[in-house]
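The structure under discussion appears below in the form of structure tokens.
The values are calculated or read from the model by the stated rules, or taken from the named source; none is laboratory data. These numbers come from a predicted model, not from an experiment. Don't worry about glycine lacking a Cβ; one is built from the backbone with ideal geometry, like all the others, and counts go over all protein chains shown.
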Amino acid sequence: MEGLFQVNESVLNGLTDEAFLELRKTGALALAYAQLLSLQKLPLLGEMAALRAAEDARQRSALEPFGGVDLSMLDKDGTFGFEALR
């Protein structure tokens, strides 16, 4: 994945006590640790993005035979009813 920033754990661990306390006081320390923990889910995020892109492409290609008209409201037999309008 491109364009994502990440906390350098080595640099974080090497901070002076003053710098570390400043991060804690401003709330940035919690964000840094949360980001470090979330890195383990980064591969899953990439997989989910690929699945989403594939599903979007599948839906677009499914609409092509109908000139781009979304007919997803049709029943499996290609019909629709007006029961919902009652």
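Before moving on, here are some points about what is shown:
- Residues in region 13-46 that are loosely packed, with under 11 Cβ neighbours inside 10 Å, modelled with pLDDT of 95 or more and among the charged types (D, E, K, R) were compared, and the one that is nearest to Gly3 (Cα to Cα) is Lys25.
- The residues of region 1-52 include none that are in contact (Cβ under 8 Å) with a residue 24 or more places away in the chain, out of contact with any helix residue (DSSP H, G or I) (no Cβ under 9 Å at 6 or more places or on another chain) and β-branched (Val, Ile, Thr).
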